[in-house]
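Trainee: Below is a structure I'd like to ask you about.
Computed from the coordinates by the stated procedures, all read-outs in this text should not be read as laboratory data. All values derive from a computational prediction rather than experimental measurement. Here Cβ is always computed from backbone atoms with ideal geometry, including for glycine, and neighbour counts include all displayed protein chains.
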Amino acid sequence: MRAVMFHAYGPPEVLTEAEVPAPVPKGDQVLVRVHTTTVTSAECGMRRGEPRWGRLILGPRRPRKGIRVLGLEFAGEVAAVGPAVRRTQVGERVFGFTGFGVGANAEYKCLSERASFTTIPPGVSYADAAASVDGFTTAWYFLHTLAKIRAGQRVLVIGGSGSIGTYAVQVAAHAGAEVHAVCSGRNAALVKELGAGRVFDYTVEDFTTSGERYDVVFDTVSRSSFAASRPVLAPRGCYLPTTGLVNNVHAWRTAVTGGPRVRTGMSVRKHAALAELRELLAQQRIRVVIDRTYPLSEIVEAHRQVDSGHKTGNVVITVVEG
């Protein structure tokens, strides 16, 4: 089967297309023929070997054998199942998250029936399905599980036009919160359409001097910090960062000192959030924003686009043409 691999850390050019043996499902494993996958900022960091401490997991000098095929999100059809599979049927359209196993930048991906995936609702394209997984479920985890947002609260989404941000704005709006967002001026209209009542254009405005106060500040792109965001946090508000080891220290410290808090974590098991996402997709109540779509053979260009920091929403990779 075709797969895109990398054997060294570096720029997009370290990615190469190769022919590798197709996996065979064993036990409770499901074999998915991947139709679409995506390129995320997290994968670009993995490709670069960043942050450096992450190489303890990825491999100290080069990527470990098990993660040389990237790809966190996928949508496709079940091609075969192992003998212990009980719920999944061959031919079903499915979408989900590969987790630490990555591997969706290939024609086939094997994963346990217990992994984070579910069926694609009728009428939803493979592209929309794949592009909705990580952004929505991460936004759901941070806003509902960590911040426990509720109607009437005020939420600021930093990076409102990105993969996580476009879903965070919608998740917060669906919860009945008043939503503001930070993004570039060229994406302001889109972010308002998604549910933001006010948008700060970071090229000309500084949200920290706005005089606003928020119950939740969700930094989806690591462009701010707890210290910088503190002036706009309500007395018992919370700052939600998606990355940064130092934020774990802030989370521990603010848990015992009172005042605004930092809450952080990692969304890996996504079953509950995927169930919610599936319903919203089926009811056409969530909008999937796709920046560009590339064939698998042009994945290097896709990584360049994500590395640029100027993508809007998601970058999709088509594995099965048509």
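Trainee: Which of 26, 109 comes first, and how do the rest follow, when ranked by fewest Cβ neighbours within 10 Å?
Mentor: The fewest-first ordering by Cβ neighbours comes to 26, 109.
Trainee: Right, next: If amide H atoms are built 1.01 Å from N in the plane of the peptide, which residues on other chains or at least 5 residues away come under 5 Å of the amide H of residue 34?
Mentor: Amide H neighbours of residue 34, under 5 Å, 5+ apart: 108, 109.
Trainee: State the Cα centre-to-centre distance between segment 141-197 and segment 19-95 in whole Å.
Mentor: One Cα centre to the other: 29 Å.
Trainee: Give the long-range amide H neighbours of residue 233: residues separated by 5 or more places, or on another chain, with amide H under 5 Å away, using H modelled in the peptide plane at 1.01 Å from N.
Mentor: Excluding prolines and chain starts, which carry no amide H, the hits are 214.
Trainee: Once phi is turned into θ = phi - 60°, what whole-Hz ³J(HN,Hα) does the Karplus curve with 6.51, -1.76 and 1.60 give for every residue of segment 159-172, x standing for Gly and Pro?
Mentor: x, x, 9, x, 4, 6, x, 4, 7, 4, 4, 6, 4, 5
Trainee: Then there is this: Relative contact order for the chain: what percent, with Cα pairs under 8 Å and sequence separation of 6 or more?
Mentor: Relative contact order comes out at 19 percent.
Trainee: Work out from phi, with θ = phi - 60° and the Karplus expression 6.51 cos²θ - 1.76 cosθ + 1.60, the ³J(HN,Hα) of each residue of segment 262-268, listed in order in whole Hz, and give x for Gly and Pro.
Mentor: 9, 10, 9, x, 9, 8, 10
Trainee: Based solely on its DSSP helices, what 222 nm [θ] is calculated for the chain when runs of n ≥ 4 H residues each add -39,500 (n - 2.57) and the sum is averaged over all residues, nearest 500 deg cm²/dmol?
Mentor: -7500 deg cm²/dmol
Trainee: When only C-alpha pairs under 8 Å and at least 6 residues apart count, what is the relative contact order of segment 47-101, in percent?
Mentor: The value is 31 percent.
Trainee: Tell me the relative contact order for segment 9-99 as a rounded percent, counting alpha carbon contacts under 8 Å between residues six or more apart.
Mentor: For segment 9-99, the relative contact order is 37 percent.
Trainee: Set the Förster distance to 22 Å, then compute FRET efficiency between residue 304 and residue 52 from the Cβ-Cβ distance, nearest 0.05.
Mentor: Using R0 = 22 Å, I get an efficiency of 0.50.
Trainee: Per 0.36 nm of contour for each residue apart, how much would the distance between residue 61 and residue 145 grow if the chain were fully extended, relative to their Cα-Cα spacing?
Mentor: Computed gain between residue 61 and residue 145 is 26.7 nm.
Trainee: Separate question: What ranking do 310, 180, 250 get, fewest neighbouring Cβ atoms within 10 angstrom at the top?
Mentor: In order of increasing Cβ crowding within 10 Å: 310, 250, 180.
Trainee: Would you mind computing, in nm to one decimal, how far apart the modelled labels at residue 100 and residue 275 are, each placed 7 Å from Cα along Cα→Cβ?
Mentor: 2.5 nm
Trainee: What are the residues whose amide H is under 5 Å from the amide H of residue 92, where those residues sit 5 or more places off or on another chain and H is modelled from the backbone?
Mentor: 78
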